Amino acid sequence: MPASYAYLGPEGTFTEVALRTLPEAATRELIPYVSVQSALDAVRAGEAEAAFVPIENSVEGGITTTLDELVAGAPLMIYREVLLSITFALLVRPGTKLSDIKTVSAHPAAQPQVRNWLKKHLPDAHWESAASNADAARLVQEGQYDAAFAGEFAAARYGLEALETGIHDAENAQTRFVLVGRPARPAAPTGADKTSIVLWQRDDHPGGLRDLLGEFATRGINLMLLQSRPTGAGIGNYCFCIDAEGHISDRRVADALMGLKRICLQVRYLGSYPRADVRPGDVQPPRLGTSDDEFMAAADWVARCQDGRF
């Protein structure tokens with residue numbers, strides 16, 4: 001396996017900035033790809049050890065392109081996550097004034113984060129989506145568009161200047177990125193972990209989603225992401241992408257996954273990995289009756305009952 005990480009490129013994306021915060025990135029060749037799909041396919045094909053891609057932002061929720069790629073195709077696993085605070089700059093060719101801007105470009109996930117600013121300052125500008133914010137900057141450099149919303153750090157890379165900086169509609173906006181590799185044994189639990197899965201229902205019936213969520217609720221497991229995605233099998237057919245607190249080695253999480261496996265048409269395990277938003281010592285203890293010790297004590301009691309030792 002090549003010692004390289006694929007990432008959503010080209011150079012100068014927020015994805016690259018977030019990737020470089022990982023210590024192991026300094027020991028890998030970092031290779032930009034034109035799309036999330038191509039970066040993940042590089043891992044599936046054995047061309048890269050792992051891929052680093054955006055998966056969620058605090059303004060619009062899950063990045064559907066990434067979620068859909070993890071739902072379909074050969075299985076992959078998430079091993080790490082990174083949170084990055086996001087503010088945009090309006091990048092233009094030198095000498096461009098605000099009144100000159102008729103077209104703007106960025107990644108589709110950027111639009112909800114700058115919509116109000118755009119309406120106020122460039123109400124007549126036409127929006128064009130790009131494969132990434134850095135690719136939008138490249139297209140501005142080539143003269144295809146007048147301006148791009150991207151990181152200010154991308155200006156020098158593409159010979160542009162930042163006409164405006166600090167652009168964001170929501171304070172403290174963040175994007176979550178994940179390091180994705182081929183399936184293997186998950187890392188050991190840290191005490192502050194997250195488990196990601198995808199669920200498919202056997203059939204559509206009243207209370208179906210409640211039945212799925214009940215497997216988590218009865219075991220005191222908090223959910224951090226719940227997003228439905230169409231399966232492509234027709235209107236009304238959805239799967240559910242879920243992030244849950246805890247690690248698959250936690251008894252309550254493993255028990256919930258077994259319960260879901262029994263009632264779901266399909267369960268895809270996407271990995272258990274350290275949370276980026278909290279330290280182990282800050283995690284609240286499990287709810288009464290859901291700790292590993294209590295699960296083990298209950299299992300021991302059942303075994304003693306079966307042996308007539310109660």
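The values are calculated or read from the model by the stated rules, or taken from the named source; none is laboratory data. Here the structure is a predicted model, which is why all the values come from computation and not from measurement. Cβ coordinates were reconstructed from backbone atoms using ideal geometry, including for glycine residues, and neighbour counts include every protein chain displayed. Calculation scope for accessible area: heavy atoms of the full protein, side chains included, ligands and nucleic acids excluded. Shrake-Rupley method; radii C 1.70, N 1.55, O 1.52, S 1.80 Å.
Dipole of region 88-167, Cα-centred, from +1 at each Lys and Arg C-beta and -1 at each Asp and Glu C-beta, to the nearest 20 debye?
Roughly 140 debye for region 88-167.
Compute the normalised compactness of region 88-167: alpha-carbon radius of gyration over 2.2 N^0.38 Å, N being the residue count. Write down the numbers at each step before the final one.
Details: Rg = 10.7 Å, N = 80, 2.2 N^0.38 = 11.6 Å.
The reported ratio for this selection is 0.92.
Taking H as built 1.01 Å from N, whose amide H comes closer than 5 Å to the amide H of Asp193, not counting residues under 5 places away?
Gly246, Arg275
Restricting to DSSP loop positions (anything but H, G, I, E, B) with no more than 14 other Cβ atoms inside 10 Å of their own Cβ, which trypsin sites (Lys or Arg not before Pro) remain in region 177-244?
Arg202
Need one word for region 248-288: rounded, prolate or oblate. Basis is the Cα gyration tensor (sqrt eigenvalues a ≥ b ≥ c); a/c below 1.5 gives rounded, then a/b vs b/c decides. Mind dumping the intermediate values first?
On the way: a/c = 3.46, a/b = 1.74, b/c = 2.00.
Note, shape of region 248-288 comes out oblate.
Between His126, His168, His107, which gets the highest mean-square fluctuation from a Gaussian network model of the chain, Cα cutoff 10 Å?
Per the Cα network of the chain with a 10 Å cutoff, His126 tops the list.
Can you compute 3J(HN,Hα) from phi for each residue in region 33-44, using the Karplus curve 6.51 cos²θ - 1.76 cosθ + 1.60 with θ = phi - 60°, rounded to whole Hz and x for Gly and Pro?
Calculated HN-Hα couplings, in order: 10, 6, 8, 4, 4, 5, 5, 5, 5, 5, 5, 4 Hz.
Near the amide H of Ala6, under 5 Å away, which other amide H atoms are found, from residues 5 or more places off or on another chain, if H is placed in the peptide plane?
Ile31, Glu49, Ala50, Ala51, Phe52
Please give the Cα centre distance for region 238-275 versus region 174-214, rounded to the nearest Å.
Going from one Cα centre to the other spans 5 Å.
Going 7 Å from the Cα of Ala170 toward and past its Cβ, which residues in region 47-83 have a backbone nitrogen under 12 Å from where you end up?
Within reach of a label on Ala170: 56-63.
How much FRET efficiency would the formula 1/(1 + (r/R0)^6) give for Ala184 and Ile263, where r is the Cβ-Cβ distance and R0 is 22 Å, rounded to 0.05?
0.20
Using only the C-alpha atoms of region 145-186, find the volume of their convex hull and express it per residue in Å³.
Per-residue hull volume (Cα only) is 159 Å³.
Is region 1-114 rounded, prolate or oblate when judged by the Cα gyration tensor, a ≥ b ≥ c being the square roots of its eigenvalues, rounded requiring a/c under 1.5 and prolate requiring a/b larger than b/c? Numbers along the way, then the final one.
On the way: a/c = 2.09, a/b = 1.69, b/c = 1.24.
Judged from the Cα gyration tensor, region 1-114 comes out prolate (a/c at least 1.5, a/b above b/c).
For Met224 and Ser4, compute 0.36 nm times the residue count separating them, minus their Cα-Cα distance, and round to one decimal in nm.
Extra length available between Met224 and Ser4 comes to 76.2 nm.
Can you give me the Cα centroid spacing of region 27-58 and region 88-157 in angstrom?
Cα centroid of region 27-58 versus Cα centroid of region 88-157: 24 Å apart.
Have a look at the DSSP beta bridges in the chain and tell me what percent are antiparallel, nearest 5. Don't skip to the end; give the middle numbers.
Details: 48 of 62 bridges.
Close to 75 percent.
Label points 7 Å out from Cα along the Cβ direction at Ser291 and Ala72: separation in nm?
Distance between the two pseudo-spin positions: 4.6 nm.
Using a 10 angstrom Cβ neighbour count of at most 12 plus a DSSP loop assignment to flag exposed GluC sites (Glu not before Pro), which longest range of the chain is free of such sites? Write out the running numbers ahead of the final one.
Values: sites that count: Glu142, Glu171.
Here the longest segment lacking exposed loop sites spans 1-141.
Let's see if you can work this out: charge +1 on each Lys and Arg Cβ, -1 on each Asp and Glu Cβ, no other charges. What is the dipole magnitude of the chain about its Cα centre, in debye to the nearest 20?
480
Write down the Kirkwood hydrodynamic radius of the chain, to one decimal in angstroms, obtained as one divided by the mean of 1/r over all alpha carbon pairs. It would help to have the intermediate numbers written out before the result.
On the way: mean 1/r = 0.0469 Å⁻¹.
21.3 Å is the Kirkwood radius here.
Calculate, for the chain, the solvent-accessible area per residue in square angstrom, rolling a 1.4 angstrom probe over the heavy atoms of the protein chains.
It amounts to 49 Å² per residue over the chain.
Hey, what do the phi angles of region 295-304 turn into as Karplus ³J(HN,Hα) couplings, whole Hz, using 6.51/-1.76/1.60 and θ = phi - 60°, x for Gly and Pro?
So the Karplus estimates, Gly and Pro as x, are 5, 5, 5, 5, 5, 5, 4, 4, 4, 5 Hz.
Could you tell me the largest-minus-smallest coordinate of the C-alpha atoms of region 87-228 on each of the three principal axes, in descending order and whole angstroms?
Principal axes ranked by extent give 61, 37, 27 Å for the Cα atoms.
Each label point is 7 Å from the Cα along the Cα-to-Cβ direction; what then is the distance between the points at Glu60 and Leu98, in nm?
2.4
Using a ≥ b ≥ c from the Cα gyration tensor of region 185-309 (square roots of the eigenvalues), is it rounded, prolate or oblate, where a/c under 1.5 gives rounded and otherwise the larger of a/b and b/c decides, a/b for prolate?
Values: a/c = 2.28, a/b = 1.31, b/c = 1.73.
Oblate, because a/c is 1.5 or more while a/b does not exceed b/c.
I need the phi-derived Karplus couplings for region 18-31: 6.51 cos²θ - 1.76 cosθ + 1.60, θ = phi - 60°, integer Hz, Gly and Pro marked x.
5, 4, 6, 7, 7, x, 5, 5, 5, 9, 10, 7, 9, 10
Which net charge results for the neighbourhood of Glu152, defined as the other residues with beta-carbon distances under 13 angstrom from its beta-carbon, given Lys and Arg at +1 and Asp and Glu at -1?
That sum, taken over residues with Cβ under 13 Å, equals -1.
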